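Engineer: Got a structure for you, written out below as structure tokens; questions coming shortly.
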Amino acid sequence: MRSGVCPKCSATAVHAARGNFSWGAEQGVRIVTSPFVRGTAVDTYICTRCGYFEHYIADPGKRSEVATTWGQVT
């Protein structure tokens, strides 16, 4: 998604809102997730062709914290 190409439908109709969204009830969206990410800036990418979207934690410090406290998927 971050390259501008949707991994699901291969469209180049990808749009982004970087660092201006945080998990919770903002913007009419309620996402239930780990308390760890509440209040954390998130980069959101959406394909306007198929509707697929991805979120990325924007803060490198939060990502480092996850690397040391969460279990790695193998």
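Laboratory data are not the source of any read-out in this text; all were calculated from the coordinates shown. Worth saying up front: this structure is predicted, and the values here are computed from it rather than measured. Neighbour counts are summed over all protein chains in view; Cβ atoms, including those assigned to glycine, are modelled from backbone coordinates with ideal geometry.
Engineer: What is the calculated FRET efficiency for V5 to E65, with r their C-beta to C-beta distance and R₀ = 35 Å, to the nearest 0.05?
Structural biologist: After rounding, the FRET efficiency stands at 0.70.
Engineer: Order 3-15, 44-56, 61-73 from most to least packed using the mean count of other Cβ atoms within 10 Å. Please list the in-between numbers first.
Structural biologist: Numbers: 3-15: 13.2, 44-56: 15.8, 61-73: 9.3.
Ranking the peptides 3-15, 44-56, 61-73 by packing returns 44-56, 3-15, 61-73.
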